[in-house]
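For reference, the structure discussed in these notes is given below.
Here, each number is a calculation from the coordinates, and none is a lab measurement. Computed from a predicted model, the values in this text were never measured in an experiment. So basically every Cβ, Gly included, is an ideal-geometry build from the backbone, and we count neighbours across all protein chains shown.
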DNA sequence: CAGTGAGCGAGCTTCCGCTTGACTT
């Protein structure tokens, strides 16, 4: 029998396809790209027409040698990597690396993992598309040149180990610029006027809440309206009814899955992708890194069956969604359940939750529109020209809403307007219960979450489904940004209330600006981003990727030559790199805050060897003092007062058992020092204000925990068994060793401990 | 784990996209 070797990118895909193809076909995976430029050096011959030097990566050597020997034995090798730029390149690299003969090599593609699609692909093979491969090569070479020339500029001018690139530097810039918008934002307030009315004079029937169709700048104006409403006769001046329909969202792509998992389940990007990977490997969902909203015919049919069965025929509506995303390559289907009828699965808690979200979204996308009746009632009086508006939505047919409601990014999403309106008629009198004027502040621009940043990047066509999560991890690891929570601030607002013919007023307090899991720039990130914008504005331009993508498309169409495109980009870019290396350090590293009244010395903030710091006294002052900036403090925004406060630490809190307690902030956060030891005091305590009693409590708790720490020791061998953060472990010298689950640490003898140390030592290698 | 805020200068760092495990904390 003829031997066929089919090579795909993912091992889970290989398993599924093997089942479809049956005997005579062996399906293997390349595990993504098998070759790349050298990790250590540039790997590009710039003088020689930008020729790349590809190497088989260390972790791919085994896969490549396996595929080589299988290919040798096979009568035909089918290169079935994804149908996009990267997939085409993988096919070509396989052909080159495995030394495949043209006569026994065929290139096939399919967008969905169904039997029909695969058999159809086998019937319609083609050759490797070299134009598309060269487009990928241009993309790869450009990214390497940008990354490996810009990063060293940062090492020289800012700090070692920093990085810059076509994607990450734009992501960083977005965060830095959004932070500036937030910082420079000044909230304006307006008075919003709301009335509660009742169609029944006894005021016993349902209350109707309505908002005045005008807002006011000042309290005086608002009060004027309320005054005119005293004793006024209100009536219904219009009733309008409108039919509206709502249409379901497309099934998930990587980006929309990340956004919804973040909003609805509170998952981080990494959590979402790890969980989705688990679902994919278990065969529960289709591939999770996709930019396509397309569903296979099979899936559409299965969705129709499932919806009809569960909710009835009138709930089913088969739709295909067009992908709007810039630069989408649509090599895969949308993310959907493998079996649409499978509403629930047996898996881990997170997996179950994410699966349910995917199922609902995919099913809802194939359901009928919801039909909504909107009623708008206007209530007016002769004494004011404005009117009060009450709106109510009534769902006439729920359609897809039966299954899925998309959430919004907007935190202050409108409250439920699903008020039930009683039967009302034009000109009917309405009786006022209360009218309230409340001072409302305008909303500051929203800081990015991981997911909303991905959404923005996708809109700009920057990055790919496989890189969204890693890109954000990279800029975090470089110390450019931090995902953080920040407490809100209190502010006062005014409220006027008209009730029973009199107006009362009061000042109330609200908390605003509380941030949870938002992305904030760090000082070093601001510095790097400003430096890049100043010197390499064309690279960190939001339209740069879109522009080069146009050239890549032309290379793919055979209208441009890849290395000519690169040469044209490289010459001015490299000149700018050389020029930037000659200029001095970035200038915005230091900011002068003013003079310290106590000492008469100047106060500065700048980035030092170990991060941002405040300094009292000029650099030539032998008595100059330093303190690190605290959490959430930025060089750009810190005030003189805040900077001076840093020098209140370390501070003596008092004595306990005749020993002094010192409170301070260290590398790992706030701590107290007592009796030669350090105790972390956590986020909830401020070292500037912590009192003696709290310190004593913390010390006692610490001493108790220390006493419980040591379970057992073998002093002669220098081995200790200790209780740690993750449970009991063995400590020998500076090394820690795991104790397997099910072993009682108290019962462990020397022999057992030594065995575990030996085992641990081996696994380390 | 809990300092530091200098500067002789070796040798190192880094990109984006495609894939999974193999690791420790």
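Details
- In this structure, residue A:564 and residue A:182 have a Cβ-Cβ separation that, at R0 = 51 Å, corresponds to a calculated FRET efficiency of about 0.70.
- Computed extension gain for residue A:277 through residue A:116, at 0.36 nm per residue and net of the alpha carbon distance, reaches 55.5 nm.
- Kirkwood radius, chain A, all distinct C-alpha pairs, inverse of mean reciprocal distance: 32.1 Å.
- Highest mean packing first, where packing is the average number of other Cβ atoms within 10 Å per residue, the peptides A:478-486, A:498-506 line up as A:478-486, A:498-506.
- Rel. contact order, % - alpha carbon contacts under 8 angstrom, at least six apart, chain A: 11
- When the Cα gyration tensor is reduced to axis lengths a ≥ b ≥ c, the ratio a/c is 1.5 or higher for the stretch A:164-277, and with a/b not above b/c it is classed as oblate.
- Computed E for residue A:708/residue A:349 - FRET, C-beta separation, R0 45 angstrom, nearest 0.05: 0.90
- Cα-based shape type of the stretch A:501-593, given that a ≥ b ≥ c are square roots of the gyration tensor eigenvalues and the cut on a/c is 1.5: oblate
- Among A:288, A:627, A:343, the order by Cβ neighbours within 10 angstrom, fewest to most, reads A:343, A:627, A:288.
- Label-reachable residues, the stretch A:9-40, where backbone N falls under 17 Å from a point 7 Å from residue A:2's Cα toward its Cβ: A:21-27
- Per-residue Cβ neighbour rank within 10 angstrom, fewest leading, A:45, A:623: A:623, A:45
- Extension reserve of the residue A:406-residue A:263 stretch, reckoned as 0.36 nm per residue once the Cα distance is removed: 50.5 nm
- Footprinting exposure proxy ranking of A:274, A:85, A:156, fewest other C-beta atoms within 10 angstrom first, gives A:156, A:274, A:85.
- Antiparallel %, DSSP beta bridges [both residues in chain A], to 5: 90
- Zone residues, the stretch A:263-302, relative to residue A:477, backbone N less than 15 Å from point 7 Å out along Cα-to-Cβ: A:270
- Alpha-carbon centroids, the stretch A:71-137 and the stretch A:500-557: separation in whole Å: 41
- Helical mean residue ellipticity (222 nm; -39500 (n - 2.57) per DSSP H run of 4+; nearest 500) of chain A: -11000 deg cm²/dmol
- Extension gain (nm, one decimal) between residue A:655 and residue A:722, 0.36 nm per residue minus Cα-Cα: 21.1 nm
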